[in-house]
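Visitor: Just passing along the structure, written as structure tokens.
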Amino acid sequence: MDFMKLAQKYQTPLYIYDFDHICEQFNLLKEAFRARKSLICYALKANSNLSVVKHLAALGAGCDCVSAGEIKRALIAGVSKYKIIFSGVGKDDSEIEFALKEDILMLNVESEAELKRVEAIARNLNKTARISIRVNPNVDAKTHPYISTGLKKNKFGVDIDTAKKLYIYCKNSPLLEPIGIHCHIGSQILDIAPYRDAAAVTAELLRSLKSLEIDIKFFDVGGGLGIRYKDEVTIKPYDFAQAVLANLAGTDVTVVCEPGRFLVGNSGYLLTKVLYEKYNGAKRFVITDAAMNDLIRPSLYESYHEIEAVNKSGGGTLADVVGPVCESGDFLGREVLLPQLSHGDLLVVKSAGAYGFSMSSNYNSRFRAAEVAIEDGKDRLIRKRESFEDLIKLEQEYL
Ligand code: LLP
């Protein structure tokens, strides 16, 4: 990738996504589930740029959405409504109403109270709501506590017994049609065992529902497949699929999975320009034009992203790579081995395609970065750099 040329053409900070890599990742996963009907619902929260979603939709992906905004993005990007799932612990009435009116595949319900709201809203609309129940299997995904979701102490889903009760409630309601079971245990998962355990618990529930003549068609195993940021050993899509499918013998459910990071994470680069170098005592800082508002993962989870100097090689010394934001927690990397750098040199932050731009903000009144796609060797802008006018447009009229 010609980062120099891209920086000249689009300026920095700049997000760059390799669309061919996204395609490869999608096909790997689809292929892994070849033996069975499957639906890959891309978790939009990882990167909701319309062109990214459109690219995945063209490959056949559905979407896992967690807000009306994400559903709207998916629809605009051309995702078939029958491939859209609506998840999340706190859907409000207007979002439930919107999802029902749009006739998406299913709402993934996370509590008894929510189920009753969905039923009431379906009644008002004179519609039947297709739903799945999110089961919390109480399995430890062994990932960062902030992104672990499948334990009792987490806010997500309901336990198996409650789930069964809710399915029976649905069976007796003309307004609720239970068609799926859902389970998502966390993110950046590197160990196959929790997937196997969660699938076993959920498959047992599936079987007991069949015996109650509740006809579940979709078995949703969530997302969470980890990627390599540094030297992690990741789960192979084939092994992931086998861990799930091994529990489904004798059933004919469609397997749904909701990968976000796996599809887009390693496709993305954050390109940034060096503003200054400075030493505080013996400590070396490289100050860049990208900051925590562009990529918050290092600050929020102490996540590691590989950082490399563009077109500069040779040894170097350790430096903290920091942004201009007024917080000591504003860093992109710590103790990074970098050659001597000067004003205008470029650094590239890798594996930034997931939860990078989508978690970015305007903190410190900074404009969010531009985004570029690379496909078949050609680059194209997929989101303009924000301007000062964008920043103030919702406030200006109140002056
Ligand atoms: N499905 C559900 C219901 C989810 O909550 C999530 C992610 C996914 C699918 C997709 O998970 P993935 O395949 O991307 O791991 N901001 C954090 C990650 C938060 C993930 C939240 N839920 C990070 O930057 O690491």
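The values are calculated or read from the model by the stated rules, or taken from the named source; none is laboratory data. Since the model is a prediction, treat every value here as computed from it, not as a measurement. Note that each Cβ is placed from the backbone with ideal geometry, even for glycine, and that neighbours are counted across all protein chains shown. All accessible areas refer to the heavy atoms of the entire protein, side chains included, with ligands and DNA or RNA removed. Shrake-Rupley method; radii C 1.70, N 1.55, O 1.52, S 1.80 Å.
Visitor: Can you tell me which of 323-335, 190-202 comes out highest on packing, and rank the rest after it, using the mean Cβ neighbours within 10 Å?
Guide: The most tightly packed comes first, giving 190-202, 323-335.
Visitor: Still on this model: What distance in nm lies between label points placed 7 Å from Cα along the C-beta direction at Leu50 and Arg123?
Guide: Computed distance between label sites Leu50 and Arg123 equals 3.9 nm.
Visitor: Restricting the calculation to Cα positions, tell me the Rg (one decimal) and the Dmax (whole number) of the range 296-340 in Å.
Guide: 11.2, 31
Visitor: Can I ask one more? Given Cβ point charges of +1 (Lys, Arg) and -1 (Asp, Glu) and nothing else, what value in debye, to the nearest 20, does the dipole of the range 114-251 about its Cα centre take?
Guide: Taking the Cα centre of the range 114-251 as origin, the dipole is about 420 debye.
Visitor: Where does the range 39-164 land on the Kirkwood hydrodynamic radius, alpha-carbon pairs, in angstrom?
Guide: On the way: mean 1/r = 0.0659 Å⁻¹.
Every distinct Cα pair counted, the radius reaches 15.2 Å.
Visitor: Still on this structure, please answer the following. Starting at the first residue of the range 317-322, write each ³J(HN,Hα) from the Karplus equation 6.51 cos²θ - 1.76 cosθ + 1.60 with θ = phi - 60°, in whole Hz, x for Gly and Pro.
Guide: Computed from phi, the couplings for the range 317-322 are 9, 7, 8, 8, 9, 10 Hz.
Visitor: Show that you can apply the helix-only estimate: for the chain, add -39,500 (n - 2.57) for every DSSP H stretch of four or more residues, divide by all residues, and state [θ] at 222 nm to the nearest 500.
Guide: Mean residue ellipticity, 222 nm, calculated: -9000 deg cm²/dmol.
Visitor: Would you mind estimating how fast the range 256-299 diffuses translationally, via Stokes-Einstein at 10 °C and 1.306 mPa s with the Kirkwood radius over Cα pairs, in µm²/s?
Guide: Details: Rh = 13.2 Å.
Diffusion coefficient, whole number: 120 µm²/s.
Visitor: Then there is this: For the chain, what is the per residue volume of the convex hull drawn over the alpha-carbon atoms, in cubic angstrom?
Guide: With only Cα atoms used, the chain gives 152 Å³ per residue.
Visitor: Say the dipole of the chain comes from +1 at the beta carbon of Lys and Arg and -1 at that of Asp and Glu; which of Ile131, Ser208, Cys63 then lies farthest toward its positive end?
Guide: The Cα lying farthest towards the positive end belongs to Ser208.
Visitor: Past the 18 angstrom mark, what percentage of all C-alpha to C-alpha distances in the range 24-76 do you count?
Guide: Here the long-distance tail beyond 18 Å is 29 percent of all Cα pairs in the range 24-76.
Visitor: About the Cα centre, and with charges only on the beta carbon of Lys, Arg (+1) and Asp, Glu (-1), how big is the dipole of the chain? Nearest 20 debye, please.
Guide: Dipole magnitude for the chain comes out near 460 debye.
Visitor: If we sort 204-210, 99-105 on the protection proxy, mean other Cβ atoms within 10 Å, highest first, what's the order?
Guide: Ranked by mean Cβ neighbours within 10 Å, highest first: 99-105, 204-210.
Visitor: Which one of Ala120, Ile392, Leu75 has its Cα pushed farthest toward the positive end of the charge dipole of the chain, where Lys and Arg give +1 and Asp and Glu give -1 at the Cβ?
Guide: Of the listed residues, the answer is Ala120.
Visitor: Measuring from label point to label point, each 7 Å out along Cα→Cβ, what is the Ile192 to Arg228 span in nm?
Guide: 1.7 nm
Visitor: OK, next. For the range 19-263, with all protein chains present and a 1.4 Å probe, just round the carbon and sulfur fraction of the accessible area to a whole percent.
Guide: The value for the range 19-263 is 50 percent carbon and sulfur by accessible area.
Visitor: Check every DSSP H run in the chain and write down those whose alpha carbon atoms cover 24 angstrom or more along the long axis and whose mean Kyte-Doolittle hydropathy is 0.0 or greater.
Guide: Numbers: long enough: 192-211 (29 Å, 0.20).
Correct list, ordered by number: 192-211.
Visitor: Here is a further query. Can you find, among Gly353, Pro174, Ile235, the residue farthest towards the positive end of the dipole of the chain? Put +1 on the C-beta of Lys and Arg, -1 on that of Asp and Glu.
Guide: My answer, from the dipole projection, is Pro174.
Visitor: Another question, then. Give the Cα extents of the range 319-399 along the principal axes, in whole Å, largest first.
Guide: 48, 40, 26
Visitor: How much area per residue is accessible in the range 19-263 when the probe is 1.4 Å and only protein heavy atoms are counted (Å²)?
Guide: On a per-residue basis, 41 Å².
Visitor: How would you rank 222-228, 164-170, 274-280, highest first, on the average number of other Cβ atoms within 10 Å across their residues?
Guide: 222-228, 164-170, 274-280
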